[in-house]
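Report on one structure; see the data block that follows.
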Amino acid sequence: MEFRTPNKNLGQNFKIWAEKFSKNTALIQLNEYNEMIQTSYWQLKADVDAWVEYFRKNGVEPGDRVAMVAAKCPGHFRFFYACWTMGAIAVSICESLGDKEMSFIIKDSSPKILITDKQFLKKVESNAQEIKIVIIDDIATAPATPDFKPQEAAETSEGETAALIYTSGSTGMPKGVMLSHKAILVNADNALRVFQLKPTDRLISILPYWHAYALTCEIACVPMGGGIVAVARDMKDFKKNIATYKPAFMIVVPRVIELLKTSIDKKIETMPPKARVLIEKAIYNASRIFTARPKLDGGILRIFTHHLFYDPLVFRKFRAPFGGALRCIVSGGAPLDLELQIFFKYLGIPLLQGYGLTEASPIVSSNTEEDHLLGSIGKVFHWLTPEGGGDYTFKDENGNMGKNLHGQLMLKGDCVMKGYWHHTDASAKSFEDGWLNTGDVAYEKDGFLFIDGRKGNMIVLIGGEKLHPEHVEDAIKGSPLITEAMVIGEKCKNVYALVNVNKDAVKGLPDDEVRAKVKADVQELSKHLAAYQKPKDVLVLPDFSIDEGTLTATLKVRRHKINEIHKDKIEEFLKSNGEEIATKREVEIASSKILESLADATLGNNN
């Protein structure tokens, strides 16, 4: 497998790809009338040129920032490549952010112009200060002047910043991760070769383009290979029309997989008893032959029965709604439940877990259909090998470093960020002697990486959203009713607040009324936060204390101790809020074959 190191910027490369694949379809999307709208690479390049001309007329110069606040749409491709063609820095901003964070990002990135759609115009206007605001449709319909001639892409160095992606900051305000042209290109090239994307392949996801995973995979990787991006309008379009879009690849976060699994479960529940019995038998047979790796093992008769009877009669029917061309689903952004990986493997749909972070452009490792180990995050990408100019290691609690250790994953290579925009101090803290410290505790076994927790308190929701709980806790502790708070939500759909209440302030009130008042305060005090940062519900717990071990000597909450002591209450609370994944029982459909083959890798690590 030959990997390439780019010697041109993204704008220059896009011109090459557009000419090479000019007649190929680049983008598809079903409109509101269920008509498939197709855009060729030639047309996309012409649209980008028109956007470049518009940017130039509005004073955008190389190095300037151009921002976009909009729901995922084909216009994002024109936005990114117009920025990169003229050497500007693209800043895609989450449209669901609270006013405080959106205003901060706009001020921090100081874009020359800010692009949005009519849906978010009012919100953007209230946060844009004096920045010029442009409606997407006004650019898309703006004709080029009669003497307009597309110009060559700017001679921007591949080491210059191509995009700012804002991530949650430990003090609450997001930080802009600076990704270079080279970082995005190298990461995209690695993904292209690892997953062997072909020009006829279609890729679909519901991930937004302010997410580094979607930026690299969809905006850069697919055009690099001349493939097709299916741009679903929303989650409803995604779920309803997967079969129409006929994807070869799906990139998702675990929350999307949960939704797909729920849909399948509901379908099974409506089937006649005999059909459900047949499905149970098919799953049981699969559980006796599938392993955590690609190979089958369990007797020739069971393998033949699976391939010749159960697969065509049962599992193929569950694959049909995915369009018939699906080669794999790749999940990233948050930990993926093992039960989901096993279930989709039985269906004949490889559900592969990868790992990455925005600061690494973002993909670090991934499983593949041909080389995977369920429960792991796969093997490192080429850019992290000596041959690819990079490296990785682990740093244990004693500060020792080595690939044979169990500790924080450390990275170096072409895909590592340049730093944080306007935050040199934060950038310095992220690097240790030239290594990027991911903050994730991991180890390697048989060439596969395993994540074993995270240093620090960052919460990762099942949808891939990341937040530091301290920011939310500080906000809600402004309530006179709350004396202490701890925010939870790891692998959940939402975040929640565990609180202690001021006994004097609620004296004489019944428990239900106390909870209602506290919840109202929490909602009021968190209304300025992003949607995913707002606690959905509150659980009142007995006062945390030093004696009990739930507070440190300096009166800081001990999160692990609170989770340990109040485990049953917290699990019941989460269940009542529909957080099934947060209280998952032991895998029920997992076969001994899969668990046995996985045990050697996970339990065999004694470092």
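The values are calculated or read from the model by the stated rules, or taken from the named source; none is laboratory data. Computed from a predicted structure; not experimentally measured. All Cβ positions, even for glycine, are placed from backbone atoms using ideal geometry, and neighbour counts span all protein chains on display.
Taken over the range 359-403, the criterion of being among the β-branched types (Val, Ile, Thr) and buried (at least 21 other Cβ atoms within 10 Å of the Cβ) is satisfied by Ile363, Val364, Ile377, Val380. What's the number of the only condition in (1) touching a Pro at 6+ places or on another chain (Cβ under 7 Å); (2) closer than 22 Å to Ser576 by Cβ that Ala505 fails to meet? Of (1) touching a Pro at 6+ places or on another chain (Cβ under 7 Å); (2) closer than 22 Å to Ser576 by Cβ, only one is false for Ala505: (2).
The selection criterion, being under 19 Å from the mean Cα position of the chain (by Cα), surrounded by fewer than 19 Cβ atoms within 10 Å (Cβ to Cβ) and of a type in the set (A, V, I, L, M, F, W, C), holds for Ile451.
Scanning the range 472-490 for residues that are closer than 30 Å to Val330 by Cβ and surrounded by fewer than 20 Cβ atoms within 10 Å (Cβ to Cβ) yields a single hit, Glu490. Does the range 131-146 include one or more residues that are within 25 Å of Phe120 (Cβ to Cβ), at pLDDT 95 or above and assigned to a loop (DSSP other than H, G, I, E, B)? Yes, because at least one residue in the range 131-146 is within 25 Å of Phe120 (Cβ to Cβ), at pLDDT 95 or above and assigned to a loop (DSSP other than H, G, I, E, B).
In this structure, Ser205 does satisfy being under 20 Å from Ile28 (Cβ atoms) and buried (at least 23 other Cβ atoms within 10 Å of the Cβ).
A count restricted to the range 454-471 and to residues that are crowded, with 19+ Cβ neighbours inside 10 Å, of a type in the set (A, V, I, L, M, F, W, C), in contact with a helix residue (DSSP H, G or I) (Cβ under 9 Å, 6 or more places away or on another chain) and closer than 19 Å to Glu101 by Cβ stands at 3.
Those helices (runs of 4 or more DSSP H) of the range 1-87 in which at least 1 residues are of a type in the set (Val, Ile, Thr) and without any contact (Cβ under 8 Å) to a residue 40 or more places away in the chain, considering only elements entirely within it, cover 10-20, 41-57. For the range 421-442, a residue qualifies if it is aromatic (Phe, Trp, Tyr) and either at pLDDT 95 or above or on the phi > 0 side of the Ramachandran plot (or both), and the qualifying residues are Trp421, Trp435. Filtering the range 449-471 for residues that are modelled with pLDDT of 95 or more and in a strand (DSSP E or B) leaves a non-empty set. The number of residues in the range 55-75 being of a type in the set (D, E, K, R) and crowded, with 21+ Cβ neighbours inside 10 Å comes to 2. Of the numbered criteria (1) in contact with a Lys or Arg (Cβ under 8 Å, 6 or more places away or on another chain); (2) over 26 Å from Ile228 (Cα atoms), the one Thr85 fails is (2). Summed over the range 524-549, residues that are among the polar types (S, T, N, Q) and either without any contact (Cβ under 8 Å) to a residue 12 or more places away in the chain or in contact with a Gly (Cβ under 8 Å, 6 or more places away or on another chain) (or both) total 2.
Being small (Gly, Ala, Ser), out of contact with any Ser or Thr (no Cβ under 8 Å at 6 or more places or on another chain) and more than 22 Å from Ile565 (Cβ to Cβ) is a property that holds for Ser526.
When Val499, Val495 are checked against the criterion of being more than 20 Å from Met173 (Cα to Cα) and touching a residue at least 24 places away in the same chain (Cβ under 8 Å), a single residue qualifies: Val499. Filtered by the rule that a residue be touching an Asp or Glu at 6+ places or on another chain (Cβ under 9 Å) and closer than 23 Å to Met235 by Cβ, the range 79-92 gives no residues. Looking at Ile279, Ile264, just one residue is more than 29 Å from Ser366 (Cβ to Cβ), surrounded by 13 or more Cβ atoms within 10 Å (Cβ to Cβ) and of a type outside the set (Ser, Thr, Tyr), and that residue is Ile279.
Restricting the search to strands (runs of 3 or more DSSP E) fully inside the range 315-414 and requiring at least 1 residues that are of a type in the set (S, T, N, Q) and farther than 30 Å from Thr200 by Cβ gives 391-395, 407-412.
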